[in-house]
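Values quoted throughout were computed directly from the atomic coordinates according to the rules given, and no laboratory measurement underlies them. As the structure is a prediction and not an experimental result, all values here were calculated from the model. Here Cβ is always computed from backbone atoms with ideal geometry, including for glycine, and neighbour counts include all displayed protein chains.
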Amino acid sequence: MAKGKHKMTPSEKSQARWGLAFVAPTMIGLIVLNFYPIFNTIYQSFFKTGDFGMGNVFVGLQNFASVLGGNEFWRSLGNTFKYALIEVPFSIIFALLLAVFLNRKIAFRSGYRTIFFLPMVAAPAAVAMVWKFLYNQQFGLINNVFGTQTAWISDPGIAWISIGVIGVWSIVGYNMILLISGLQEIPHDYYEAAEIDGATGVKQFFKITIPLLSPTIFFILQTRIIGALQQFDLIYMVMDNSNRALSSVETVVYYFYTQAFTYNNRGFGAAIVVSMLVIIMLITFLLQRAEKKWVFYN
Amino acid sequence: MESYRAKKAVTQGLIHVFLIIFSFSMLVPFLWMVLTAFKTQAESTSIDPFVFFPSSWSFDSFSTVWTSYNFLYLYKNTLLMILFRVICAVLTATMAGYAFGRLNFPGKNLLFSLILIQMMVPSQIFIIPQYIMVSRLGWLNTIAGLVFPGAVTAFGTFLLKTGYQGLPRDLEEAASIDGCNIGQQFLVIMMPLTRSSMVSLGIFTAVFAFKDLMWPMIVCSNASSTTLSAGLAKMQGQFSSNYPQLMAAATMASLPMIVLYLIFQKQFVEGIATSGGKL
C-alpha cells in the first residue's frame, strides 16, 4: 500500500482512483442508511419524543432507567431467550438428522430436499397465518385431528412452545442445506478407515461426523442464536393484541416495535433497541470465545 | 452377506419412514392453506376432522380477496420493490466487491472494516432514523420508501469481494497488456466471471425483500401501497375469522415465490444458503 512514502506509479494512481470510485456508492449508502442511523438512534435514546414528533425533550438516561428498571424489557428478553431455546437446538438437531440421511445414496433425495427447504421461500406473514389457523382452539386442524381442546397459542404455559415450533419448522431446511455442504467436505477415507476398524455407523457419527462438522454446526448455532434474538414476524402475526398469552411470548423486537411505532414513543424505543444491541454484541463476543474452545478445526 | 444386505434394506426403509413423516409435517401447513382457500366458511370451521377436502372447489374466496384487497397493487408493489432492490444491491455490491477484492486504494482496510461492522449490527437499530428520513423525503407509501434501506448492501459487498478474490491473478495482467483500463477490465473480463455470485446475491436480496414484514408495515400504511407480506398482516386484522379468505390471500401471496423456487431450485438454495443466517 502506498502510504505517501513514495510517489505513486501511474498504475497505482489509477487503481486508487477506480477503487475509490467503485466503493463510493456503497460507502456513501452505508453511511447514510446505517452508520448515521446508529448514532442517531443512540442520540434519540436520550430524548423523550414530543407530541406529534415535535419538540423532543432531553431526558438524559431516563429512557434507559425506565427500560432497564421496568418489567417488560426483562420479561420480553426472557421470552426471546425462551423462543431461542426451542428454535435453535431443535432446528439444528432435526437438520443434522436430515442432513446425514440425505447425504447418503437414497431414493428421492432431491425431492426430500426440495420439500424441507420450501418454508424458506414462504413469507413469514403467510406461514404465521396458516399456523395460527392450525393452532386454533375450536377449528384448528391440530385439535381436530387429535381430538384435543388445547389452547395452543393462548395458554401462557404453552404458547411459547407453539411459537417455537413454527420457528423450527421455518428454519430446519435452511440449517439442513448448510449441514449437507459441511458433510460433503468430510473426506470419504475417514469413514472407510473407520469401517475397516469395525466402527459402527453410530460410532462413526459421534467420532467422525460431529467433530469434523463442528465448525459448520457452530456457525449455524451462532447465526441462529443472533437471528432468534431478533424474532418479530411470528409474534406479530400469530398473537392478537387481546391474546392473554401475549405477555409470555412478546419478544424484545416486538416490544421495540410497539413502543416505537404503535405508540410513537421513539426515544423509548431507541433505548430498547440500544439495550438490545449491547446484549447482542455481548452474546456475539461470548460465542466467539466459545468457538475457540469447542470447535475442532482441521 | 445376506443378513448384511437385509439389515441395510431395513435401515433404508426406516430412514424413508422418518423422511416421509417429516416431509408430511413440512407440507401439511401448505396443503391446509390451499385446501382451506377453496372451502366455504362453514366447511373451513367444521370440527369433523375428516373434512379434508372442500365439497366443491370454489374460487370465491380468491376473487373476493383479489378485488376487496387490491391484490394487483400488492403484487405490483412487491415486484417493483424487489426489482429495484436487486438492481441497486447487485450493481453497488459488484463494484465495491471488485474494488475490495482486486484493487489497492487508500483507506481500503478502514472502509472494509465498516462493511464488517454493519454486518454484525442488528438491523433494528437503523429503523427509527431510516423511517424519519423516508418520512422527511416524503417517501412514505411509495416504492422509493420501500426500496430505501436496501439500496446498498454490506453483506453483498462481502459476498462479491470473496467471489472476486477467488479469480486467478493473471487475468488482469493479460488484460492490461492488451491496453484495457481498470473499468474495461472490470466490465469485460472480471464481472462476467462472478456471475454466479451475482445471481446468489440477487436471489438472496429478492427473497429477503419478499419476506420482510416490519419495514413495509412502517413506511407503507396504505393498503394499496404496501407489499404482500404487510398486506397479509392488514388483512388478518380485517377478515380475522374468514379462514377461506385469509388462506386464499396467503396462497396468492406465497405462490409466485414458490413457483420461482421450484423452477430455479439450485440457484435459490445456493443464493439463500450463502446468506449466512441473515434471513
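Helices that extend 18 Å or more along their long axis by alpha-carbon positions and average at least 1.0 on the Kyte-Doolittle scale are, among the DSSP H runs of chain B, B:2-38, B:71-102, B:108-120, B:195-211, B:243-263. Three principal axis extents describe the C-alpha atoms of the range B:2-152; from largest down they are 66, 61, 25 Å. For B:Phe24, put the label point 7 Å out on the Cα→Cβ axis and report which residues of the range A:141-166 keep their amide N under 14 Å from it. It comes to A:145-146, nothing else.
Name the shape class, rounded, prolate or oblate, that the alpha-carbon gyration tensor gives for the protein assembly as shown, where a ≥ b ≥ c are the square roots of its eigenvalues, rounded holds for a/c under 1.5, and otherwise prolate holds if a/b is larger than b/c and oblate otherwise. Oblate, because a/c is 1.5 or more while a/b does not exceed b/c.
If the only charges are +1 at each Lys and Arg Cβ and -1 at each Asp and Glu Cβ, what is the size of the charge dipole of the range B:69-273 around the Cα centre, to the nearest 20 debye?
Working: 11 positive and 6 negative charges, 79 e Å.
Value, rounded to 20: 380 debye.
Once you average over the residues of A:169-178, how many Cβ atoms of partner chains fall within 10 Å of each Cβ? Could you put the intermediate results ahead of the total?
Values: counts 4, 1, 2, 2, 3, 6, 1, 1, 4, 4.
Counting other chains' Cβ atoms within 10 Å and averaging over A:169-178 gives 3.
Partner lysines whose Cα lies under 19 Å from the Cα of A:Lys203, excluding those fewer than 8 positions away in the same chain, are identified as B:Lys7, B:Lys8. Using 16 Å as the cut-off for backbone N distance, which residues of the range B:180-202 belong to the label zone defined by a point 7 Å from the Cα of A:Ser14 along Cα→Cβ? The answer is B:180-190, whose backbone nitrogens lie closer than 16 Å to the label point. List the DSSP H helices in chain A whose Cα atoms stretch 18 Å or more along the helix axis and whose mean Kyte-Doolittle hydropathy is at least 0.5. Passing helices, by number: A:71-102, A:159-183, A:210-228, A:266-294.
Which values, in whole Å and largest first, are the semi-axes of the equivalent ellipsoid of the range B:2-58 obtained as the square root of 5 times each eigenvalue of the Cα gyration tensor? The partial results should precede the final answer.
Numbers: eigenvalues 300, 20, 14 Å².
One finds semi-axes of 39, 10, 8 Å for the range B:2-58.
Too long at a 30 Å Cα-Cα cut-off: which of A:Lys82/B:Lys108; A:Lys132/B:Lys76; A:Lys82/B:Lys211; B:Lys161/B:Lys211; A:Lys82/B:Lys76? Walk me through the intermediate numbers first.
Numbers: A:Lys82/B:Lys108 41 Å; A:Lys132/B:Lys76 27 Å; A:Lys82/B:Lys211 24 Å; B:Lys161/B:Lys211 26 Å; A:Lys82/B:Lys76 38 Å.
Distance filter (> 30 Å) returns A:Lys82/B:Lys108; A:Lys82/B:Lys76.
Residues A:His188, B:His16, ranked from the fewest to the most other C-beta atoms within 10 Å, line up as A:His188, B:His16. The stretch between B:Leu31 and B:Thr67, if pulled fully straight at 0.36 nm per residue, gains 10.6 nm over its current Cα-Cα span. Applying 1/(1 + (r/R0)^6) with R0 = 45 Å to the Cβ-Cβ distance of A:Leu282 and B:Leu91 gives a FRET efficiency near 0.80. Full extension from B:Thr40 to B:Gln165: what is 0.36 nm times the residue separation minus their Cα-Cα distance, to one decimal in nm? Stretched fully, the B:Thr40-B:Gln165 segment lengthens by 39.3 nm. If R0 is taken as 30 Å, the Cβ-Cβ distance between A:Ala107 and B:Gln265 corresponds to a FRET efficiency of 0.95. For the residues of A:216-222, the average number of beta carbons from a partner chain within 10 Å of their own beta carbon is 1.
Can you tell me how chain A classifies by the Cα gyration tensor, rounded, prolate or oblate, using a/c under 1.5 as the rounded cut? Don't skip to the answer; put the middle values down first.
Details: a/c = 2.14, a/b = 1.08, b/c = 1.98.
The shape class here is oblate.
Which FRET efficiency value, to the nearest 0.05, is calculated for B:Ile189 and B:Arg136 with the Förster distance at 56 angstrom and r the Cβ-Cβ distance? For R0 = 56 Å, the calculated efficiency reads 0.85. Estimated translational diffusion coefficient (Stokes-Einstein, Kirkwood radius over Cα pairs, 25 °C, 0.890 mPa s) of the range B:69-273: 130 µm² per second.
Starting from the Cα gyration tensor of the range A:1-131, take the square roots of the eigenvalues, sort them a ≥ b ≥ c, and report rounded, prolate or oblate (rounded when a/c is under 1.5, otherwise prolate if a/b is larger than b/c, else oblate).
Details: a/c = 2.67, a/b = 1.12, b/c = 2.38.
Oblate.
Residues with beta-carbon under 15 Å from that of B:Thr227, excluding B:Thr227: net charge, scoring Lys, Arg +1 and Asp, Glu -1?
Details: positive: B:Lys76, B:Arg85, B:Lys211, B:Lys234; negative: A:Asp233, B:Asp212.
Result for the local shell: +2.
Counting Cβ atoms of other protein chains within 10 Å of each Cβ in A:238-245 and taking the mean gives 1.
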